[in-house]
Amino acid sequence: MSTQLHAVLDATEITQAVQDLGHSVTLIAHKTTVVRLYVSGTSGPAAQVRGVIAVRRSGPATTVASVNAITLDPAHSPDLATRRGDAGLSLNFLLPAGLTTEGEVTISAVRVVDAVSGTPLPLTGPAGPTVRFQAGRPLRRTSPPTTSTHSSPPCGRWT
């Protein structure tokens, strides 16, 4: 019997609220962005784990620690669809604003560690994705503002 948990990176998702695993939804520059790592335990005892990713633009990579810990239990590993539906079942990383500017970024899993002891755990899996952040469209008023005798801001439809 193994005395250490062995982990596998099943998938990586970069999301701003709605996304698929193929990253077909456009990422908007300067918008809050979360990287979700879907990790499972393949052997060894169950453990609480945290993670660290590397985010590379041009130049050296920036490391980002997970904002949460998850329990990996090789005896009970929910399928990927179940884990995608519950943010508490993935390691989640909030990207700093400076890493969400226009252009490409590459995400890679650096390490998974036991949340209690800090011991690095063996991790295997695919290389992280490269995604592109694009400029968002500016909001434009499509109808003239209405006037009012009240001190509230003008009304109108925004697109």
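Grab the other residues whose beta carbon is less than 12 angstrom from that of A87, score K and R as +1, D and E as -1, and report the net.
Value of the local net charge: +1.
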Output ordering of 31-40, 72-81 (per-residue mean of other Cβ within 10 Å, highest first) is 31-40, 72-81
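Taking the solvent-accessible surface of protein heavy atoms with a 1.4 Å probe, what is the per residue accessible area of the range 3-107 in Å²?
In whole numbers, the range 3-107 has 46 Å² accessible per residue.
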Taking 83-92, 45-54 and ranking on average Cβ neighbours within 10 Å, highest first, one gets 45-54, 83-92
Span from the the range 31-65 Cα centroid across to the the range 93-133 one, whole angstrom:
4
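The values are calculated or read from the model by the stated rules, or taken from the named source; none is laboratory data. Here the structure is a predicted model, which is why all the values come from computation and not from measurement. Positions of Cβ are backbone-derived with ideal geometry, glycine not excepted, and every protein chain shown enters the neighbour counts. What goes into the accessible areas is simple: the full protein's heavy atoms, side chains included, and nothing from ligands, DNA or RNA. Shrake-Rupley method; radii C 1.70, N 1.55, O 1.52, S 1.80 Å.
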